[in-house]
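The values are calculated or read from the model by the stated rules, or taken from the named source; none is laboratory data. Being a predicted model, the structure only gives us computed values, none of them experimental. Cβ: placed from backbone, ideal geometry, glycine included. Neighbour counts: every protein chain shown.
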Amino acid sequence: MVHKQSFETLRALYKRGELSPVDVTTSSLEHAEAVNRTLNAFALIDGERAMAAARASGKRWREGTPLSEIDGMPITLKDGIAVEGWPSRKGSVVTTPEPVSGNSVLAARLVDAGAVLIGKTRMPEFAWKGVTDSPGYGVTRNPLDPDLTPGGSSGGCAAAVAAGVVRVSIGSDAGGSVRIPAAFTGTFGLKPTYGRVPITPPASIFFNVAHYGPIAASVGDMVSVMNVISGPSPRDWTSVGLAPADFGSNASPHELRIGLLNPLRWDDSADIVKRAMDQTYGILWSNGFQVSTVDFDVQEASRAAAHLYRLGCLSAVNGVPADQHNLLDPGLLGFIDPVRNASFADVQRAALQRDTLNGQFCALFDEIDVLLLPTMPILPFVAGRDVPPGSADDDWFSWNPYTPAFNLTQAPAMSVPFWPEGSALPVGVQLVAARCREDVLLRLASWLEPRLARRRPGDC
């Protein structure tokens, strides 16, 4: 299928006139319709709009005037991201089905760069959990094994990439929601520094832990999109005031100092996860990297982030008329129960705890450049459940102890797929850097990619 080729390859083919954006978009749309019957990855597929954008892109390439490095590339976005002319249901039946009247900054940047937006992907209601299903729209499934969950809340994004429909899908991450599905589907998932990619409207009700970021089939494809969507915007007062960066550095990563998180902090991980981490450490050490062990209470930081996340979900539910609460996901209503009576003093304590933990986190980077730890302690489990079978806890944060911490710190964090020998399922290796150092993560991830990724997204 022609659309499964990397952005770099497609650019070369477009430039030589050997392939057109129309060909690629047609192939992508056909594949989307075919896999969606099984995976339920898409909330919306807009073939008419996509083909119009592809034709316009094809004309630009023939004239030698492409708008950017992603001109003519099919891309999808999570249902909660505003795209003019499409509804933004946020995985809920209580939201309006009417099309939104304007683009988010993110969508506008993609459109202005000539990207071909083919549709929006599934998410759980108001992005409340780490798997992707909802009462109104059913269960989204993992392309690696449809009996399993792709994770969430950007599970539709990851399913679209892992199934080979698109090379990149843009999700959001407020507690691991880009990195969890990337780990579960064998894709690359980046949560950039908070504010690196503007969020409009701002997600202040989630205490500034929500980030937009890409799930991609390769580091190169991810870099191409990050070069387009990054940079400050006057429409988002929280956006980072740095000029757009070129994230595609070819510099060697060997001078980077790697800090392996104290294994005692992730000792409850599955054996296959521990083996994957041991092998990653061995690959780095045997190739001359400086690797040391560092300590940070990632689970305490994740618990603090989870508290803020619950408060954000409470705010979302409070925005729904009381007479429609019976239509909401019962799991969401149970999830916010612990914070329904939260006081200002509770919120203040959470803010002070955040300050303390951030200080400890930032101090790590006096000695290291990249923190290394698992993305998830487990492999993907059966679809349609909020927690793995046999779990003693019905809280999805109980099986997600390693990702929310870095929403709390607002630092860039990335999941890189590792395929252990003999395993049909991948393990996510998580890389974390200091604020605004996505370039460091992408350099290391690019070096690791051919050494860890035994399979490629879209092979299933």
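Criterion applied to Pro74, Pro99, Pro87, Pro124 was being in contact (Cβ under 8 Å) with a residue 60 or more places away in the chain and either under 21 Å from Ser27 (Cβ atoms) or surrounded by fewer than 24 Cβ atoms within 10 Å (Cβ to Cβ) (or both), and the one residue passing it is Pro74.
Could you check the stretch 76-119 and list, in sequence order, the residues that are of a type in the set (S, T, N, Q) and under 19 Å from the mean Cα position of the chain (by Cα)? Give the derivation first.
Pass one, the stretch 76-119, residues of a type in the set (S, T, N, Q): 76, 88, 92, 95-96, 101, 103-104.
Thr76, Ser88, Ser104 - these are the residues of the stretch 76-119 that are of a type in the set (S, T, N, Q) and under 19 Å from the mean Cα position of the chain (by Cα).
Evaluated against (1) polar (S, T, N, Q); (2) over 25 Å from the mean Cα position of the chain (by Cα); (3) part of a loop (DSSP other than H, G, I, E, B), Ser57 falls short on exactly one condition, (3).
Residues satisfying the criterion are absent from the stretch 37-45 (criterion: more than 22 Å from Val139 (Cα to Cα) and outside any loop (DSSP other than H, G, I, E, B)).
Looking across the stretch 436-460, the residues that are under 30 Å from His307 (Cα atoms) and in a loop (DSSP other than H, G, I, E, B) come down to Cys436, Arg437.
Yes/no per residue for (1) out of contact with any Pro (no Cβ under 7 Å at 6 or more places or on another chain); (2) closer than 23 Å to Phe207 by Cβ:
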{"position": "Phe126", "(1), (2)": "yes, yes"}
{"position": "Thr140", "(1), (2)": "no, no"}
{"position": "Asp145", "(1), (2)": "yes, no"}
{"position": "Ala158", "(1), (2)": "no, no"}
{"position": "Val161", "(1), (2)": "no, no"}
{"position": "Val165", "(1), (2)": "yes, no"}
{"position": "Val168", "(1), (2)": "no, no"}
{"position": "Asp173", "(1), (2)": "yes, yes"}
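Would you tally the residues in the stretch 159-181 being over 23 Å from Gly231 (Cβ atoms) and buried (at least 24 other Cβ atoms within 10 Å of the Cβ)? Full working, then the answer.
Just the residues of the stretch 159-181 that are over 23 Å from Gly231 (Cβ atoms), to begin with: 159-165, 175-176, 180-181.
Within this subset, residues satisfying the condition of being buried (at least 24 other Cβ atoms within 10 Å of the Cβ) are 159-163, 165, 175-176, 180-181.
Count: 10.
Checked against the criteria, Leu442 counts as crowded, with 20+ Cβ neighbours inside 10 Å and in contact (Cβ under 8 Å) with a residue 12 or more places away in the chain. The residue of the stretch 301-354 that is farthest from Phe206 (Cα to Cα), among those that are among the acidic types (Asp, Glu) and modelled with pLDDT of 95 or more, is Asp323. So which residues in the stretch 276-310 are in a helix (DSSP H, G or I), surrounded by 19 or more Cβ atoms within 10 Å (Cβ to Cβ) and not polar (S, T, N, Q), if there are any at all? Scanning the stretch 276-310 gives Ala276, Met277, Leu284, Val298, Ala301, Ala304, Ala305, Ala306, His307, Leu308, Tyr309, Arg310. Scoring Gln360 on the criteria (1) over 18 Å from Cys313 (Cβ atoms); (2) surrounded by fewer than 23 Cβ atoms within 10 Å (Cβ to Cβ); (3) touching a helix residue (DSSP H, G or I) at 6+ places or on another chain (Cβ under 6 Å); (4) not hydroxyl-bearing (Ser, Thr, Tyr) leaves a single failure, condition (3). The number of residues in the stretch 251-266 being in contact with a helix residue (DSSP H, G or I) (Cβ under 8 Å, 6 or more places away or on another chain) and either under 21 Å from Asp297 (Cβ atoms) or outside any loop (DSSP other than H, G, I, E, B) (or both) comes to 7. Residues that are within 25 Å of the chain's Cα centre (by Cα) and either within 14 Å of Val427 (Cβ to Cβ) or charged (D, E, K, R) (or both) occur at least once in the stretch 305-318.
Yes or no, residue by residue, for (1) under 15 Å from the mean Cα position of the chain (by Cα); (2) closer than 27 Å to Leu441 by Cβ; (3) surrounded by fewer than 24 Cβ atoms within 10 Å (Cβ to Cβ); (4) not small (Gly, Ala, Ser):
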site	(1), (2), (3), (4)
Val382	no, no, yes, yes
Ser391	no, no, yes, no
Phe397	no, yes, yes, yes
Pro404	yes, yes, no, yes
Ala413	yes, yes, no, no
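Among the residues of the stretch 227-240, at least one is at positive phi, under 22 Å from the mean Cα position of the chain (by Cα) and either part of a helix (DSSP H, G or I) or not charged (D, E, K, R) (or both). Residues in the stretch 36-47 that are surrounded by 20 or more Cβ atoms within 10 Å (Cβ to Cβ) and either touching a Pro at 6+ places or on another chain (Cβ under 7 Å) or more than 22 Å from Val131 (Cα to Cα) (or both): 1 in all. Residue by residue through the stretch 199-218, note down the ones that are surrounded by 24 or more Cβ atoms within 10 Å (Cβ to Cβ), β-branched (Val, Ile, Thr) and touching a Ser or Thr at 6+ places or on another chain (Cβ under 6 Å). Result: Ile215, single match.
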